[in-house]
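A.B. asks: To start, I am sharing the structure in question, which I have written as structure tokens.
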Amino acid sequence: MKTLLDLENWNRKEHFAHFKQMEEPFFGVTVEIDCTKAYQTAKSIGASFFIFYLHKTLAAVNAIENFRYRISEDKIYINDQIHASATIGREDGTFGFSLIEYHPDFKTFEQIALTEIERIQNTTGLFTRSFDDDNLIHFSAIPWLNFSSITHARSFTYPDSCPKISFGKMMVSETGKRTMPMAVYVHHGLMDGMHVGQFVDLFQELMNQ
């Protein structure tokens with residue numbers, strides 16, 4: 001479900017009008033995430049760390065309203081819930097685009113994710129299903145690279161307003177602290193650095209629980 005944002009009375013009306021006309025309206029930041037506690041928690045419950053931090057990502061995304069905004073024909077809609085289209089790798093080195101539905105309960109979400117991951121790994125090609133709605137984030141893990149920035153392949157003629165969130169290689173310090181780079185790439189017509197900061201802070205808080 002989604003509702004129409006009252007654009008005329010939105011305090012970011014001018015910001016939206018300014019950034020939506022740009023050829024590249026997205027901006028991105030890369031931050032370091034402390035995942036020491038989250039990694040320990042995932043392993044203690046026998047869960048995939050990838051699924052664990054994907055769940056925390058979606059929990060934070062759904063909690064920050066601006067991350068649930070999407071643009072359609074110059075209108076902004078507020079989605080009730082956001083899911084993830086994550087890139088899922090296969091043994092042959094290819095990957096497919098998944099659709100993993102969010103659920104606030106981790107165990108329920110874990111089963112949803114495991115089922116979709118297995119489906120992708122037993123198919124071929126990039127698109128193995130249709131994507132009828134845009135109430136999702138584009139999510140990827142790049143565990144081979146400890147990157148400090150990232151760019152995304154995009155068609156400027158394609159109307160896209162979905163946030164793109166990527167994680168890099170986990171690094172372990174001599175003291176045992178675990179960190180990962182997280183890149184957040186969002187439409188500037190829908191949010192500003194303040195909103196990305198709120199998302200990052202909440203995500204780190206959820207990872208520390």
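Rundown of residues vs (1) in a helix (DSSP H, G or I); (2) loosely packed, with under 12 Cβ neighbours inside 10 Å; (3) on the phi < 0 side of the Ramachandran plot; (4) in contact (Cβ under 8 Å) with a residue 60 or more places away in the chain, yes/no style:
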{"site": "PHE16", "(1), (2), (3), (4)": "yes, no, yes, yes"}
{"site": "GLN21", "(1), (2), (3), (4)": "no, yes, yes, no"}
{"site": "ALA42", "(1), (2), (3), (4)": "yes, no, yes, no"}
{"site": "GLY46", "(1), (2), (3), (4)": "no, yes, no, no"}
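A.B. asks: Restricting to the stretch 124-164, name every residue that is outside any loop (DSSP other than H, G, I, E, B), under 16 Å from the mean Cα position of the chain (by Cα) and under 23 Å from GLY93 (Cβ atoms).
C.D. replies: Listed by number, the residues that qualify are HIS138, PHE139, SER140, ALA141, LYS164.
A.B. asks: Separate question: Please go through the stretch 104-113 and give me each residue that is touching a helix residue (DSSP H, G or I) at 6+ places or on another chain (Cβ under 7 Å) and more than 16 Å from ILE82 (Cβ to Cβ), ordered by number.
C.D. replies: Scanning the stretch 104-113 gives PHE106, GLU110.
A.B. asks: Here is a follow-up. Against the definition (at negative phi and not in a helix (DSSP H, G or I)), how does ILE33 come out, yes or no?
C.D. replies: It is true that ILE33 is at negative phi and not in a helix (DSSP H, G or I).
A.B. asks: So which of LYS20, LYS56 is over 17 Å from the mean Cα position of the chain (by Cα) and either closer than 30 Å to PRO159 by Cα or aromatic (Phe, Trp, Tyr) (or both)?
C.D. replies: Just a single option satisfies the conditions, and that option is LYS20.
A.B. asks: In addition: In this structure, is ILE71 under 28 Å from GLY193 (Cα atoms), touching a strand residue (DSSP E or B) at 6+ places or on another chain (Cβ under 6 Å), in contact (Cβ under 8 Å) with a residue 60 or more places away in the chain and part of a strand (DSSP E or B)?
C.D. replies: Spelling it out, it is not the case that ILE71 is under 28 Å from GLY193 (Cα atoms), touching a strand residue (DSSP E or B) at 6+ places or on another chain (Cβ under 6 Å), in contact (Cβ under 8 Å) with a residue 60 or more places away in the chain and part of a strand (DSSP E or B).
A.B. asks: Anything in the stretch 106-123 that is among the aliphatic types (A, V, I, L, M) and either in a loop (DSSP other than H, G, I, E, B) or free of Cβ contacts under 8 Å to residues at least 24 places away in the same chain (or both)? List them, or say none.
C.D. replies: If the condition is that a residue be among the aliphatic types (A, V, I, L, M) and either in a loop (DSSP other than H, G, I, E, B) or free of Cβ contacts under 8 Å to residues at least 24 places away in the same chain (or both), then ILE112 is the only one that fits.
A.B. asks: Output the residues belonging to the stretch 77-105 that are of a type in the set (Phe, Trp, Tyr) and closer than 18 Å to LEU54 by Cα.
C.D. replies: Of everything in the stretch 77-105, those that are of a type in the set (Phe, Trp, Tyr) and closer than 18 Å to LEU54 by Cα turn out to be PHE95, PHE97, TYR102.
A.B. asks: Tell me whether the stretch 91-105 contains one or more residues that are of a type in the set (Gly, Ala, Ser), without any contact (Cβ under 8 Å) to a residue 12 or more places away in the chain, closer than 23 Å to PRO181 by Cα and not in a helix (DSSP H, G or I).
C.D. replies: yes
A.B. asks: Another one. Return the pairs, sorted by first residue and then second, in which the second residue is among the charged types (D, E, K, R), the first residue lies in the stretch 183-203 and is under 19 Å from TRP10 (Cα atoms), the beta carbons are less than 6 Å apart, and the residues are 6+ apart or on different chains.
C.D. replies: What qualifies is GLY189/LYS20.
Every number here is computed from the coordinates shown, using simple stated rules; none is lab data. Not measured: the values here are computed from a predicted model. So basically every Cβ, Gly included, is an ideal-geometry build from the backbone, and we count neighbours across all protein chains shown.
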